[in-house]
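The structure appears right after this line, and notes come after that.
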Amino acid sequence: MNLSGKVLIVDDDPEFGLVAQSLVELEGLSAHLVNSGSEALALCDQEHWDVVLLDLMLGDISGLDVLREIRRRSERLPVIMVTAHGSMETAAEAVQAEAFGYIGKPFRAEELKSAIRRALEWRKQQHNGHHNHPGKAIGSPSIVGRSSAMVAVYTAIARVAATDSTVLISGESGTGKELVARALHDNSPRSKRPFIPVNCGAFTETLLESELFGHVRGSFTGAMANHRGIFETATGGTIFLDEISETSPAFQVKLLRVIQEQEVRPVGAPESRRVDVRIVAATNRRVQDLFSAEDFRRDLLYRLGVINLELPPLRERKEDIPLLVEHFLQRFNSRFGKTITAPSETIDWLCQFDWPGNVRELENAVERAVTLNVGGKLSPDDFMQFTPTPLARVAQAQNVPANAQSFASENVIAPASPFWVCELPKTLEDVERQHILAMLRFTKGNKLRASELLGIGRYSLYRKAERLGIDLNQED
Ligand SMILES: Nc1ncnc2c1ncn2[C@@H]1O[C@H](COP(=O)(O)OP(=O)(O)OP(=O)(O)O)[C@@H](O)[C@H]1O
Ligand SMILES: [Mg+2]
C-alpha cells in the first residue's frame, strides 16, 4: 500500500529521535522531530498531523499527559507510544488513554515502520468514513502487567479490537484469556451490544448446537418451544467461545459454516438466518498442537485463528508478580474493608514460585491471605495456613517453600507455588511413593510414626516400601 502522511516525533533523546526520523523519511513520509511535550502540543494546535510517535519519558511533561492532551484536541489522531521497558507506570494506563499502539525501546526498524504503516492505514480508513475508536484497548476490568510479553498483548489488543476479525486466544489456564476477550469487545464498536461467553466444554454436542444456533419447537425430544440461539441474541455484539478445542469435529464443521456464511440455521428450522456477531475463541491447548491434533479441524483453526493471541504463562513474566499482588491486594482490601500491605520480602518470596495456575492462582492466594491476615502486613505464613494436599502440609511443617533446599530430593523440584511444593507426580504409584517418602522425612525416619500417620499398619508400610523400591533404612 502506498501511504503518505506527516509524522510528528516527540522525544527528548536526540539519538533515538534522529534514527526514528530517518527511518520514517526512508518510507517516503514527512517527519518532524521535537524534543518536548509542550512543543508537540503547540504543533498539534498549529498543524495537521497523521501520526504521532510519542516517547513516554519526556523531560517536561509525562508522555501520558501529552497523550491525554492530544486526545482532548483530537479523538482520531493515532499516537504510538514508545516505551523503554519497565518505564511505564502501567502499560494498561497508556492503553486507557487511548494510545494506538506501542513499541518498545530499543526498537527494530521493521517494528517502527509497521506500527506507522498500521496507524496510517487506520487513518485512511477514518477518512473513508469508517469511524472506529483510535485503539483504546483496555477498559475495565483492568489488565495488569508491564512485562514485554504483556505489552505485546496490549499492542495486539489495540490493533485488532476495532476490527471484526475472528481472534483465537490461547494460553494456559488462568492466564487471562477471558479478560482479554472482554477487552477486545469493550474496545470495539460492538461494545454497546452484548458480550456473551459460552463455555463450549460444558455442553453436549446437541445442547451446544441448540444453545448457539437455536432450535424450533419439536425439533428434538424436549424442544418444547422455539428457542433463539446465542448467535441471534448476541446480534451486533461478540460471542466468546471458550474451550473451543473441547468441541466435536461434527460441531466444528457446523461452526465453520456459520463463520463462512454468516448465517445460522436453528436446529429443525427450514431456513438460515443472517447473523452479525464477532467471534472470539479461546483454548488452553497450544495452537501448534491443535494443528496436528486429530480432533480439531484445521480448516476451522485457520478461520478462527486469523489472529492468534498467545498469553504468556506467569512463570515467564515473573516481573509482573509484584504489580499483580498490589492490584489484587487493593481489590480485596476494598472488598473486605481492610488496609493490609505487602512488605517487599513477602513479594520477593511470592516471586520465587512458578504459579502453575497462573494469575488466577495468585489471585486466589492473595484473597485467602488477606482473609487470614491479622497483623496488617502480609507474610508467607498467611499464604501457607491453608494447604490442600497432605504433601503440602508436610512441606509446611518443614517450612519448605521458605527454604526449599532442605526438602530437596530427586522427587522434589523448585516449589511451583506455595501450595504445590512438588512436581506433579505422573502415576498413582508415584503419588504413593512420594507421599510415603515425605512422611518418612517428616517423622525423621520413624517407621512406626510414619505408618500411623499414613493410616496403615507397620507391615503394610514394609510391603509397600519394597514394592515401590523405597529403602526404609536409608530414610532414617
Ligand atoms: N493480567 C491480568 N491482570 C489482572 N487480572 C488478571 C490478569 N490475568 C488474569 N487475571 C485474573 O485472573 C483470573 C483468571 O483469568 P481468566 O478467567 O481470564 O483466565 P482464563 O485464561 O480464561 O482461564 P481458564 O483457561 O481457566 O478459563 C480472573 O479473575 C482474571 O481477572
Ligand atoms: Mg477462561
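The values are calculated or read from the model by the stated rules, or taken from the named source; none is laboratory data. If you're wondering where the values come from, they're calculated on a predicted model, not measured in any experiment. Neighbour counts run over all protein chains shown; Cβ positions are idealised from the backbone, glycine included.
The table that follows gives values for the structure above.
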read-out: Any hit, region 223-246, residues being modelled with pLDDT of 90 or more, polar (S, T, N, Q) and within 16 Å of ligand 2 (Cβ to nearest atom); value: yes
read-out: Candidates T387, T371, filtered to the one that is closer than 29 Å to L179 by Cα, under 28 Å from the mean Cα position of the chain (by Cα) and at pLDDT 50 or above; value: T371
read-out: Answer from V52, V7, V24, V34 - the residue that is touching a Phe, Trp or Tyr at 6+ places or on another chain (Cβ under 8 Å) and modelled with pLDDT of 90 or more; value: V7
read-out: Residue tally, condition within 26 Å of E121 (Cβ to Cβ) and either of a type in the set (A, V, I, L, M, F, W, C) or crowded, with 17+ Cβ neighbours inside 10 Å (or both), over region 164-181; value: 6
read-out: All positions within region 308-339 that are at pLDDT below 90 and within 15 Å of the chain's Cα centre (by Cα); value: N308
read-out: Region 240-270: number of residues that are among the acidic types (D, E) and under 16 Å from A202 (Cα atoms); value: 3
read-out: Single condition R285 does not satisfy, out of (1) within 16 Å of ligand 2 (Cβ to nearest atom); (2) within 16 Å of V198 (Cα to Cα); value: (2)
read-out: Test set (1) under 25 Å from H435 (Cα atoms); (2) within 16 Å of ligand 2 (Cβ to nearest atom) - P380 fails condition number; value: (2)
read-out: Where V394 falls short, out of the listed (1) of a type outside the set (F, W, Y); (2) at pLDDT 50 or above; (3) buried (at least 18 other Cβ atoms within 10 Å of the Cβ); value: (2)
read-out: Region 277-306 residues that are in the same structural domain as G201 (by TED's automatic domain parsing) and at pLDDT below 90, paired with ones that are basic (K, R) and not in a loop (DSSP other than H, G, I, E, B) (beta carbon under 7 Å, 6 or more apart); value: F291/R298
read-out: Some residue of region 260-274 being under 27 Å from Y154 (Cβ atoms), touching a residue at least 24 places away in the same chain (Cβ under 8 Å) and not in a strand (DSSP E or B); value: no
read-out: Selection status of A450, at pLDDT 75 or above, surrounded by 14 or more Cβ atoms within 10 Å (Cβ to Cβ) and under 29 Å from P380 (Cβ atoms); value: yes
read-out: Leading residue by the ranking (modelled with the lowest pLDDT) among those in region 453-476 that are within 45 Å of the chain's Cα centre (by Cα) and not in a loop (DSSP other than H, G, I, E, B); value: L453
read-out: Failed criterion for M224 (all others in (1) surrounded by 20 or more Cβ atoms within 10 Å (Cβ to Cβ); (2) farther than 30 Å from L324 by Cβ hold); value: (1)
read-out: Yes/no for A181 being at pLDDT 85 or above, among the hydrophobic types (A, V, I, L, M, F, W, C) and within 14 Å of ligand 2 (Cβ to nearest atom); value: yes
read-out: Close pairs from region 340-363: first closer than 14 Å to E319 by Cα, partner away from ligand 2 (no atom under 15 Å from the Cβ) and among the charged types (D, E, K, R), Cβ under 8 Å, at least 6 apart; value: C351/K318; D354/R315; W355/R315
read-out: Of all residues making up region 40-63, the number that are surrounded by 14 or more Cβ atoms within 10 Å (Cβ to Cβ) and among the charged types (D, E, K, R); value: 2
read-out: Verdict on G268 being surrounded by 14 or more Cβ atoms within 10 Å (Cβ to Cβ) and at negative phi; value: no
read-out: Which listed residue, of N373, N364, is polar (S, T, N, Q) and within 16 Å of ligand 2 (Cβ to nearest atom); value: N364
read-out: Residue within region 154-168 that is within 16 Å of ligand 2 (Cβ to nearest atom) and modelled with pLDDT of 90 or more present; value: yes
read-out: Residue match in region 295-312 (condition: among the polar types (S, T, N, Q) and either within 13 Å of ligand 1 (Cβ to nearest atom) or in a helix (DSSP H, G or I) (or both)); value: no
